[in-house]
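All remarks here apply to the structure that follows.
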Amino acid sequence: MPAPAAPPRHDHDTAPAGRLPAVMLMAGSCLPVLGAVLLAPVLPRMQDHFEGVPGSVALVPVVLTVPALSLALLAPFAGMIVDRLGRKRLLIVATVLYALFGTAPLWLDSLHAILVSRVLVGVTEAAIMTACTTLIGDYYSGEARNRYLALQTMCASASATVFFVLGGVLGAADWRAPFWLYAVGLLLAPLMARVLPVSLPPKRRDETGAQSTPRPFPVRRMAGICLLTVFGAVVFYTVPVEMAYLLDDLGTDSTGTIGAVTAVASAATVLGSALFTRLSPDRRHRLPLLLALCAAGFLLMGFADSLPLLIAGAVVNCVGTGLLLPSLVTKAMSLLEFADRGRGMGLWTTAFFLGEFLCPLILLAGQEPAGSLASAVALLGVTTAVLAAALLLTTRRPAPGGSPESV
């Protein structure tokens, strides 16, 4: 008696992967966060060390921010390389180079040479972030993929607080000491080589079982989700970037209080990411509702006249952003096939980090016409609410091609 025929494999089928590869991808996803926050506590001491260098007042802060700018500019190219050379190979090479470039300031005496090393760190971060997110899409599908993408946000948010504390503790000994943490890449790379399976493209078949033709890259739909992601990143980073200034405007300048409030906001973001895994599978109205939640938090913060109300607004907003980020990335992932997943996630990564870069500039630009930073935050809340209403109207239209979701 012949064996039953295997069921046809569809686009959404992916090679099975267990939890251990997910752990390695979560660890890799935290590496760009390390570069973003680790050096913040030691910038004043670094400034003192290089005070004799012309332009050091501007150059030293750039040491912290330039990797994020490099990441934003180079992620699309990293995505194309991911699709051509393979996800796992690029991730391992980039992780090794990340450790080498990241620890370079331990031996460099020139501020300009340190800046070059930081640019190169940003190049490796672009490859790491794009490859990790792409591999999550390769290894997992359906609700499992959504859970791991939400976990990626949780790990990044939680690790930011841990790295900030570690940077402060190590920086108390010497401003160069935090750079030793970049060596963790040399530990992760061999583990990634051993644990991560090689992702293979799924066999695409039509309803008759015949091999089907790959669809073209979804340019228009990716452009839409990337534009929305730029705005979503501005919303996501407003509380971490501006909370200290908002507290100062309320007369709270204690570093202990600022640190505690920032930790509470970070915990709210982690909570939002955890709640994402329990959302209904019906995603049609998800983004508008989450943007409305973020808008409510901004409005509470903008009109807050006391510390408890400001904290309440920040918590509401951060729960919303913790839900918003994995919703955006899962939406982008759902538009992509294996062959163009790296390129698509590179574009999405660029959109997100571009929004991070623009966040303080947008609020600074809105502060003067609004009259204060709090009013600018309230204005951002109104803008977010208007966008939520516009998206909600779009979701009421019939979805194209019978799709359950509206673009």
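Observations on the model:
- Within the range 360-380, restricting attention to residues that are buried (at least 21 other Cβ atoms within 10 Å of the Cβ) and under 21 Å from the mean Cα position of the chain (by Cα), the residue that is farthest from ALA78 (Cα to Cα) is LEU380.
- The conditions of being in a helix (DSSP H, G or I) and without any contact (Cβ under 8 Å) to a residue 60 or more places away in the chain are not met by LEU71.
- Failed condition for GLY251, given (1) surrounded by fewer than 16 Cβ atoms within 10 Å (Cβ to Cβ); (2) of a type in the set (Gly, Ala, Ser); (3) touching a residue at least 60 places away in the same chain (Cβ under 8 Å): (3)
- Options ALA104, ALA113: the member that is surrounded by fewer than 19 Cβ atoms within 10 Å (Cβ to Cβ) and farther than 30 Å from GLY342 by Cα: ALA113
- Summed over the range 248-295, the residues that are more than 18 Å from the chain's Cα centre (by Cα), under 20 Å from ALA144 (Cα atoms) and modelled with pLDDT under 80 give a count of 7.
- Scanning the range 279-330 for residues that are surrounded by 21 or more Cβ atoms within 10 Å (Cβ to Cβ) and aromatic (Phe, Trp, Tyr) yields one hit, PHE298.
Residue-by-condition table, conditions (1) under 20 Å from the mean Cα position of the chain (by Cα); (2) free of Cβ contacts under 8 Å to residues at least 60 places away in the same chain; (3) surrounded by fewer than 19 Cβ atoms within 10 Å (Cβ to Cβ):
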{"position": "TYR140", "(1), (2), (3)": "yes, no, no"}
{"position": "ARG145", "(1), (2), (3)": "yes, no, no"}
{"position": "SER157", "(1), (2), (3)": "yes, no, no"}
{"position": "LEU166", "(1), (2), (3)": "no, no, yes"}
{"position": "PHE179", "(1), (2), (3)": "no, no, no"}
{"position": "ALA183", "(1), (2), (3)": "no, no, yes"}
{"position": "LEU196", "(1), (2), (3)": "no, no, no"}
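- Candidates in the range 19-39 are the residues that are aliphatic (A, V, I, L, M) and surrounded by fewer than 18 Cβ atoms within 10 Å (Cβ to Cβ); of these, the one that is modelled with the highest pLDDT is VAL23.
The values are calculated or read from the model by the stated rules, or taken from the named source; none is laboratory data. Worth saying up front: this structure is predicted, and the values here are computed from it rather than measured. Neighbour counts run over all protein chains shown; Cβ positions are idealised from the backbone, glycine included.
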